[in-house]
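Below is one structure; the comments refer to it alone.
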Amino acid sequence: MNKTVFAFVGSIVLIVVGGLAYVLTGVNWNRSVTIEGGPTIGFFYQTAQSLNDYLNENGINSNLRHRDDTLKIIEDVNDSSSPVDIGFIAQSVDAQAYPNVTSLGSIVSEPLLFFVRADLAKSPSLSDLRGGCVHVGPPSSGVNALAVPTLKAYGFDPRITKFTTTPTSEGIEDVRAGKCDAVATLFPPTTPVIKELALDPRLRVIGLPDTVALASEIGYVQALELPVGSFSVTQRMPTSVLQTIGIPVTVIAKRSLPPQSVFLVAERLDQLFSRATITSAAGQFPSFLDVQIPPNDAAQTFYERGRPWEFSVFPGVVAELFDRLVLLISILLILSSIYKLFLPDLRRTWLDMIRPQHEAAFLATILKQRERGQPLSDRQLKQLRGLIDRRDRETARNRLIESLRHHVTPDPNNST
């Protein structure tokens, strides 16, 4: 029986150890987060600042960084050796090239806007920029990736029209100073720098013609319409409907980002971007509008059902392990039930059938050894002592039963 119990208990120990290994390897123990935004004047960076502050307020050690070549942010997020956990995209991407990246949701549509010198023409239009200077943003930036193909679609030739590629902040100052004719921007209309440019008397914002056809030609953008007063209702700016194209801004994260951090980020995005804007209806964002990157499971859960209850009750790590702990405990309860239901039967089988045969074989072996004059091993001696002790206990038990026999009245129903 001892061997049977030992084997069963050993199996339980192995299952527990394996279960604990399964549970503990299912969590990212690195609780710190690094968020990467774009240029410090832009929407990516401002949103990253808000997320960074919110995570730190809720007990997550979060850090903030930026880069001007925003098309490269996704590479940092995808790189397992990079500290960047969260970033932004507003560009065409091939998800297969970034297997470690998931989407935390699109949050807004960024319109492509061209701000031109007010003194360029009485009513400036895109055609007034031919042969002049247009600032299109730094190489590997989202605005450059959209502005250049847009201008080329309208027949602009970089050999005739100068495309400058310094940082956007420098491009804005060049246009204000008359050193360049226009600057392209790719920020949401509510971004402070956009309102500032729209209300600057030295500048005019221009629309784009045939935006539906343009969006179809470029392929990963959509036609957008900014209504009158989008930048300022009191100053009625713009004074007419502005036609352009835009692209959704999507927050991205490493697949390994802990669910606790994902829920906090999704919660903050919902607080910031679920309201109606001039380019979206209430509740349109956050959503998985941009289907280029697969959605993060935890973010999808939050947008559909809110934060799971266990994350409101337990610490983050415990909440993340909750499902696995429940599974392990369920397995242990099943094993405990199996033990209670079946092990007593095994014990009775051992006592009634197996042990007598085992003892008979053991006694036959030591009798043969004795006949041959062979000494018993220490193990055999120990087993023999155990057998004798058990027999002595059974003999004493039988004598006690016999001594109590006269206290029992014969059963009249027992015919034997």
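The values are calculated or read from the model by the stated rules, or taken from the named source; none is laboratory data. Predicted model only: the values in this text are computed from it and were never measured. We place every Cβ from the backbone using ideal geometry, glycine too, and count neighbours over all the protein chains shown. Note: areas computed on protein heavy atoms with side chains; ligands, DNA, RNA excluded. Shrake-Rupley method; radii C 1.70, N 1.55, O 1.52, S 1.80 Å.
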**Message:** When you check residue 248 against the structure, is it buried (at least 22 other Cβ atoms within 10 Å of the Cβ) and more than 19 Å from residue 122 (Cβ to Cβ), yes or no?
**Reply:** yes
**Item:** Filtered residues of the stretch 270-297 (kept if under 22 Å from residue 93 (Cα atoms) and touching a Pro at 6+ places or on another chain (Cβ under 6 Å))
**Value:** 288, 289, 290
**Asked** Given (1) in contact (Cβ under 8 Å) with a residue 60 or more places away in the chain; (2) surrounded by fewer than 18 Cβ atoms within 10 Å (Cβ to Cβ); (3) assigned to a loop (DSSP other than H, G, I, E, B), where does residue 217 come up short, assuming only one miss?
**Response** (3)
**Item:** Residue in the stretch 22-42 that is farthest from residue 142 (Cα to Cα), counting only those that are part of a helix (DSSP H, G or I) and either at pLDDT 90 or above or open to solvent by 50 Å² or more (accessible area, probe 1.4 Å) (or both)
**Value:** 22
**Asked** Just for the stretch 164-190: of the residues that are assigned to a loop (DSSP other than H, G, I, E, B) and closer than 24 Å to residue 92 by Cα, which one is most open to solvent (accessible area, probe 1.4 Å)?
**Response** 190
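Yes/no matrix, rows are residues, columns are (1) at pLDDT below 95; (2) of a type in the set (Ser, Thr, Tyr); (3) touching a Pro at 6+ places or on another chain (Cβ under 9 Å):
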residue	(1), (2), (3)
65	no, no, yes
74	no, no, no
77	no, no, no
82	no, yes, no
85	no, no, no
105	no, no, yes
123	yes, yes, no
128	yes, no, no
138	yes, no, yes
**Filter pass, residue 387 being of a type outside the set (Gly, Ala, Ser), modelled with pLDDT of 80 or more and open to solvent by less than 60 Å² (accessible area, probe 1.4 Å)** = yes
**Request:** Kindly list, by first and then second residue, each pair from a residue in the stretch 298-313 that is in a helix (DSSP H, G or I) to a residue that is of a type in the set (S, T, N, Q), limited to pairs with Cβ atoms under 8 Å and residues at least 6 apart or on different chains.
**Result:** 299/102; 299/103; 303/287; 311/260
**Verdict on residue 193 being touching a Gly at 6+ places or on another chain (Cβ under 6 Å), in a helix (DSSP H, G or I) and at pLDDT below 95** = no
**Fill in**
Given the conditions (1) surrounded by fewer than 17 Cβ atoms within 10 Å (Cβ to Cβ); (2) closer than 19 Å to residue 109 by Cα; (3) not charged (D, E, K, R), every one holds for residue 226 apart from (1)
**Request:** Test residue 239 against the criterion of being open to solvent by less than 10 Å² (accessible area, probe 1.4 Å) and of a type in the set (Ser, Thr, Tyr), and give yes or no.
**Result:** no
**Request:** Return the only residue of 262, 212 being open to solvent by 10 Å² or more (accessible area, probe 1.4 Å) and either in a strand (DSSP E or B) or hydrophobic (A, V, I, L, M, F, W, C) (or both).
**Result:** 212
**Asked** Within the stretch 97-120, is even one residue closer than 18 Å to residue 245 by Cα and free of Cβ contacts under 8 Å to residues at least 24 places away in the same chain?
**Response** no
**Request:** Confirm whether residue 185 is at pLDDT 90 or above and on the phi < 0 side of the Ramachandran plot.
**Result:** yes
**Item:** Selected residue (only one of 149, 124 is farther than 25 Å from residue 45 by Cα, in contact (Cβ under 8 Å) with a residue 24 or more places away in the chain and not hydrophobic (A, V, I, L, M, F, W, C))
**Value:** 124
**Asked** How many residues, within the stretch 246-301, are β-branched (Val, Ile, Thr) and either touching a Lys or Arg at 6+ places or on another chain (Cβ under 6 Å) or modelled with pLDDT of 90 or more (or both)?
**Response** 9
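Here's the yes/no breakdown for (1) touching a strand residue (DSSP E or B) at 6+ places or on another chain (Cβ under 8 Å); (2) farther than 14 Å from residue 141 by Cβ; (3) surrounded by fewer than 21 Cβ atoms within 10 Å (Cβ to Cβ):
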| residue | (1), (2), (3) |
| --- | --- |
| 58 | no, yes, yes |
| 61 | yes, yes, yes |
| 65 | yes, yes, yes |
| 72 | no, no, yes |
| 78 | yes, yes, yes |
